[in-house]
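*Asks:* Take this structure first; my questions come after.
Bear in mind that the values in this text are calculations on the coordinates, not laboratory data. The structure displayed is predicted, hence computed values, not measured ones. Every residue, glycine as well, gets a Cβ built from its backbone with ideal geometry; the counts of neighbours run over all protein chains shown.
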């Protein structure tokens with residue numbers, strides 16, 4: 001089985017899957033998808049719908065559906081959703097120099113200082129960027145977006161106070177928060193996180209706000225329902241394993257389980273949601 005990934009690694013979940021769906025023909029040769037300069041998503045969309053080649057989708061795939069104008073595939077049309085895998089909260093985290101201890105205080109400070117707070121991200125159009133843009137739109141605040149080329153660069157400047165705020169993926173900033181080098185004002189998911197149980201959600205102050213960095217698995221469109229069901233069953237079984245759940249929890253992540261139809265609905269809703277944010281903020285690929 002071949003898989004192409006976005007921001008995340010399937011890790012222990014991938015190792016729990018069967019090597020390939022049962023079939024009489026031999027597996028594809030190793031170079032079957034050696035397509036230079038082809039987007040991994042496009043490569044999977046072109047693949048035979050036999051369950052041998054999967055796409056590990058993330059929030060970024062849902063964003064890219066609108067962010068890029070010239071994609072040669074359609075996320076909703078060209079893929080068969082199989083299963084969700086993980087969801088990780090983003091964290092509204094600030095440098096300790098920011099005089100705000102909660103979301104309400106942060107909004108008030110940002111409104112009193114429009115254009116003076118720099119909001120870091122790990123790149124234009126990333127889930128970290130879009131979580132911030134959604135917050136800006138829902139709170140009518142003016143935060144200056146500062147895109148970085150990599151998470152370490154963004155984190156270095158946030159810790160140094162060169163930028164003041166980031167809607168970071170929890171796995172990247174959790175240790176800094178626990179050690180007091182950053183202040184967590186809120187998590188972006190609808191529910192609080194077990195990894196930071198005393199940190200409220202953004203939605204407790206900004207009604208209806210929700211953002212997260214999630215992952216899941218898709219197969220090429222046309223993959224037989226029986227194969228999709230088998231893959232879904234195996235992924236869900238892996239995600240109920242106590243060892244895997246404990247490992248995910250240690251990173252602030254939770255498992256997403258459910259049927260293919262449920263993941264299809266989720267994927268469609270996320271694509272529409274982030275498409276609206278991209279268009280409203282007039283975000284363009286550089």
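*Asks:* For a test of the definition: using alpha carbon positions, the gyration tensor, and the 1.5 limit on a/c, classify segment 53-95 as rounded, prolate or oblate. Display every interim value, and only then the final one.
*Replies:* Numbers: a/c = 3.66, a/b = 1.49, b/c = 2.45.
Oblate shape, in that a/c is at least 1.5 and b/c is the bigger or equal ratio.
*Asks:* Let me ask you something else. With everything on Cα atoms, drop me the angle between helix 260-280 and the longest principal axis of the chain, reported from 0 to 90° to the nearest 10.
*Replies:* 40
*Asks:* Shape call for segment 160-242 from the C-alpha gyration tensor, a ≥ b ≥ c root eigenvalues: rounded (a/c under 1.5), prolate (a/b greater than b/c) or oblate? Walk me through the numbers before you get to the answer.
*Replies:* On the way: a/c = 2.46, a/b = 2.32, b/c = 1.06.
Verdict is prolate for segment 160-242.
*Asks:* To the nearest Å, what is the center-to-center distance of segment 47-70 and segment 197-244, using C-alpha atoms only?
*Replies:* 15
*Asks:* While we're here: Report the label-to-label distance for residue 160 and residue 178 in nanometres (one decimal), using points 7 Å from each Cα along the Cα→Cβ vector.
*Replies:* Those two pseudo-labels are separated by 2.6 nm.
*Asks:* Also, quick follow-up: Among 208, 123, 115, which one moves the most in a GNM of the chain with springs linking Cα atoms closer than 10 Å?
*Replies:* Result for the chain, Cα springs under 10 Å: 208 fluctuates most.
*Asks:* Helix 225-239 versus the longest principal axis of the chain: what angle, 0 to 90°, nearest 10, using Cα atoms?
*Replies:* Helix 225-239 sits at roughly 50 degrees to that axis.
*Asks:* Okay, next question. How big is the convex hull of the Cα atoms of segment 88-204, per residue, in Å³?
*Replies:* Enclosed volume per residue, from the Cα hull, is 90 Å³.
*Asks:* Using a 7 Å offset from the Cα along the Cα-to-Cβ direction at both residue 194 and residue 240, what is the distance between the two label points in nm, to one decimal?
*Replies:* 1.6
*Asks:* Taking Cα atoms, how many degrees apart are the long axis of helix 103-112 and the longest axis of the chain, rounded to 10 and kept between 0 and 90?
*Replies:* Long axis of 103-112 versus the principal axis of the chain: about 60 degrees.
*Asks:* Would you calculate a helix-derived [θ] at 222 nm for the chain, using -39,500 (n - 2.57) for each DSSP H run of n ≥ 4 and dividing by the full residue count, to the nearest 500?
*Replies:* Mean residue ellipticity, 222 nm, calculated: -11500 deg cm²/dmol.
*Asks:* Let's test this: bin the Cα-Cα distances of segment 224-286 at 5 Å from zero up to the farthest pair and state each bin's percent.
*Replies:* P(r) over segment 224-286, rounded to whole percents: 4, 14, 16, 15, 16, 14, 12, 8, 2.
*Asks:* Work out how much length residue 97 to residue 77 would gain on full extension: take 0.36 nm times their residue separation and subtract the Cα-Cα distance, in nm to one decimal. Present the calculation step by step, with values, prior to reporting the outcome.
*Replies:* Values: separation 20, 0.36 × 20 = 7.20 nm, distance 4.70 nm.
This chain segment gains 2.5 nm when fully extended.
*Asks:* Now for a different question. Kirkwood Rh, Cα Rg: Rg to Rh for the chain? Each step should come with its number before you reach the end.
*Replies:* Numbers: Rg = 19.6 Å, Rh = 19.8 Å.
Using only Cα positions, Rg/Rh for the chain is 0.99.
*Asks:* Looking only at 245, 77, 87, which one moves most when the chain is put into a Gaussian network model with springs between Cα atoms under 10 Å?
*Replies:* It is 77.
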